[in-house]
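Asks: Dumping the structure here so I can ask a few things about it.
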Amino acid sequence: MGKLDFLATSQPHFDFSKEQRHSLHLHRLRNFRSEFLSTRFSVDIFLPPDYDASGASRFPVLFFNDGQDMEAVRLADTLSRLYASQKIPSLIVVAIHAGERLQEYGTAHRPDYRSRGSQAHLYTDFIVKELYPHVRQTYHILKDPRFTAFAGFSLGGLSAMDIVWNNPKLFGKAGVFSGSFWWRHCDFCEDDPDGGRIMHELVDMGLHRPGLQFWFQTGTMDETDDRNRNGVIDSIDDTLDLIELLKNKGYHHKHDIHYREVKDGIHHPHTWGMVLPEFLVWAFGR
């Protein structure tokens, strides 16, 4: 591919004909091999209606964990509606079907205290060193991290946050739906009920990554657990604590961080699908 001027190719693509508005193009990659993992991944590539394989236009790109759930959250319908109403520009969505989910998702730094997430570092290598380069070489994407996001649900959301935090030169935005920020390196302790949360420690010990932005969603009925007995369920508590740590690192609440709490929202694709349009407009519509 030729080297293109970023500024000349970063304008939103809103010019759809009536015929184009609902005609997303879907490319399915099956048995995508990785040198790092034994999993053969399935990946769905959602291309916008105005995508032209021979054209010079470049598009923002969204990587999504748990790609097998895109139908359940109604991704294609949501994209079509947002394109038709011109609320977001054309973009490419890379939906990665989960493999060994409990081992490949998590935090690359270390597994949890039950050794779950033991291959998260290898999954990160797969994303950063294999899948992202493949997408970059095969499809017309904008290569600036400001136009590249990574998102996921639950444990996939934790994985997305971890990948963005550790790879700010590739990804500029993280989208976390009901993130599993309870992920810990030690068992529960009554004396320190919130101790050992891995993502919190990574952010607390880390440096400010300029340019990163974060979108978090929780539901008031995500769960019932309240380990520190403060009257707030852990899903919300853990997310709000992480937001405070990000603010302490210099991220501004309104510009860099968006928090969406869904009243009566549950830990389920139904709730995540409801707020998916909000995330897409936040990430790409501005």
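The values are calculated or read from the model by the stated rules, or taken from the named source; none is laboratory data. Only a predicted model underlies this, so the values are computations on that prediction, with no experimental measurement involved. Ideal geometry is used to build each Cβ from the backbone, glycine not excepted, and the neighbour counts take in all protein chains shown.
Asks: Which of (1) modelled with pLDDT of 95 or more; (2) surrounded by 14 or more Cβ atoms within 10 Å (Cβ to Cβ); (3) among the acidic types (Asp, Glu); (4) farther than 19 Å from Ala174 by Cβ does Glu278 not meet, given it meets every other one?
Replies: Unmet for Glu278, out of (1) modelled with pLDDT of 95 or more; (2) surrounded by 14 or more Cβ atoms within 10 Å (Cβ to Cβ); (3) among the acidic types (Asp, Glu); (4) farther than 19 Å from Ala174 by Cβ: (4).
Asks: Are there any pairs with C-beta distances below 7 angstrom linking a residue in the range 139-157 that is in contact (Cβ under 8 Å) with a residue 60 or more places away in the chain and part of a loop (DSSP other than H, G, I, E, B) to a residue that is surrounded by fewer than 20 Cβ atoms within 10 Å (Cβ to Cβ) and of a type in the set (Lys, Arg), with the two at least 6 apart or on different chains, and if so which?
Replies: Note: pairs meeting the criteria are Lys143/Arg136.
Asks: At least 3 residues that are among the hydrophobic types (A, V, I, L, M, F, W, C) and closer than 24 Å to Pro89 by Cβ in each: list the helices (runs of 4 or more DSSP H) lying fully within the range 186-286 that qualify.
Replies: The qualifying helices (runs of 4 or more DSSP H) are 269-284.
Asks: Next question. Considering (1) in a helix (DSSP H, G or I); (2) in contact with a Phe, Trp or Tyr (Cβ under 9 Å, 6 or more places away or on another chain); (3) closer than 27 Å to Ser178 by Cα, say which one Val93 fails and leave the rest.
Replies: So Val93 meets the others, but not (1).
Results for (1) assigned to a strand (DSSP E or B); (2) at pLDDT below 50; (3) touching a helix residue (DSSP H, G or I) at 6+ places or on another chain (Cβ under 9 Å), shown as yes or no for each residue.
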position: Leu4; (1), (2), (3): no, yes, no
position: Arg28; (1), (2), (3): yes, no, no
position: Asp44; (1), (2), (3): yes, no, yes
position: Gly55; (1), (2), (3): no, no, no
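Asks: A further question on this structure: Being part of a helix (DSSP H, G or I) and of a type outside the set (A, V, I, L, M): is that true of Arg81 here?
Replies: So Arg81 passes the test.
Asks: Scan the range 209-230 and give yes if some residue there is under 30 Å from Arg114 (Cα atoms), surrounded by fewer than 19 Cβ atoms within 10 Å (Cβ to Cβ) and in contact with a Leu (Cβ under 9 Å, 6 or more places away or on another chain), otherwise no.
Replies: no
Asks: Something else now. Consider the range 24-55. How many of its residues are without any contact (Cβ under 8 Å) to a residue 40 or more places away in the chain and among the hydroxyl-bearing types (Ser, Thr, Tyr)?
Replies: Final tally of qualifying residues: 2.
Asks: Report yes if Ser178 is among the small types (Gly, Ala, Ser) and surrounded by fewer than 24 Cβ atoms within 10 Å (Cβ to Cβ), otherwise no.
Replies: For Ser178, the condition - among the small types (Gly, Ala, Ser) and surrounded by fewer than 24 Cβ atoms within 10 Å (Cβ to Cβ) - is not met.
Asks: So in the range 64-78, with the set limited to residues that are in a helix (DSSP H, G or I) and in contact (Cβ under 8 Å) with a residue 24 or more places away in the chain, which one is farthest from Thr124 (Cα to Cα)?
Replies: Checking each candidate, the answer is Thr78.
Asks: I've got another one for you. Among the numbered conditions (1) touching a Leu at 6+ places or on another chain (Cβ under 9 Å); (2) modelled with pLDDT under 95; (3) of a type in the set (Gly, Ala, Ser), tell me where Gly273 comes up short.
Replies: The failed condition is (2).
Asks: Please go through the range 111-154 and give me each residue that is on the phi > 0 side of the Ramachandran plot and surrounded by fewer than 19 Cβ atoms within 10 Å (Cβ to Cβ), ordered by number.
Replies: Matches in the range 111-154: Ser115 only.
Asks: Does the range 249-260 contain at least one residue that is modelled with pLDDT under 95 and either in contact with a helix residue (DSSP H, G or I) (Cβ under 7 Å, 6 or more places away or on another chain) or among the hydroxyl-bearing types (Ser, Thr, Tyr) (or both)? Steps first, please.
Replies: Just the residues of the range 249-260 that are modelled with pLDDT under 95, to begin with: 252-255.
Checking which are either in contact with a helix residue (DSSP H, G or I) (Cβ under 7 Å, 6 or more places away or on another chain) or among the hydroxyl-bearing types (Ser, Thr, Tyr) (or both) leaves us with 253.
So far as the range 249-260 goes, yes, one or more of its residues are modelled with pLDDT under 95 and either in contact with a helix residue (DSSP H, G or I) (Cβ under 7 Å, 6 or more places away or on another chain) or among the hydroxyl-bearing types (Ser, Thr, Tyr) (or both).
Asks: Is it the case, given these coordinates, that Phe188 is surrounded by fewer than 22 Cβ atoms within 10 Å (Cβ to Cβ) and out of contact with any Ser or Thr (no Cβ under 6 Å at 6 or more places or on another chain)?
Replies: It is true that Phe188 is surrounded by fewer than 22 Cβ atoms within 10 Å (Cβ to Cβ) and out of contact with any Ser or Thr (no Cβ under 6 Å at 6 or more places or on another chain).
Asks: Output the residues belonging to the range 51-68 that are more than 14 Å from Arg136 (Cα to Cα) and touching a strand residue (DSSP E or B) at 6+ places or on another chain (Cβ under 9 Å). Don't jump to the end; show me each part of the working.
Replies: The first filter runs over the range 51-68 and keeps only residues more than 14 Å from Arg136 (Cα to Cα), leaving 51-52, 54-55, 64-68.
Once the filter is applied, which keeps residues that are more than 14 Å from Arg136 (Cα to Cα) and touching a strand residue (DSSP E or B) at 6+ places or on another chain (Cβ under 9 Å), the range 51-68 yields Tyr51, Phe64, Asn65, Asp66, Gly67, Gln68.
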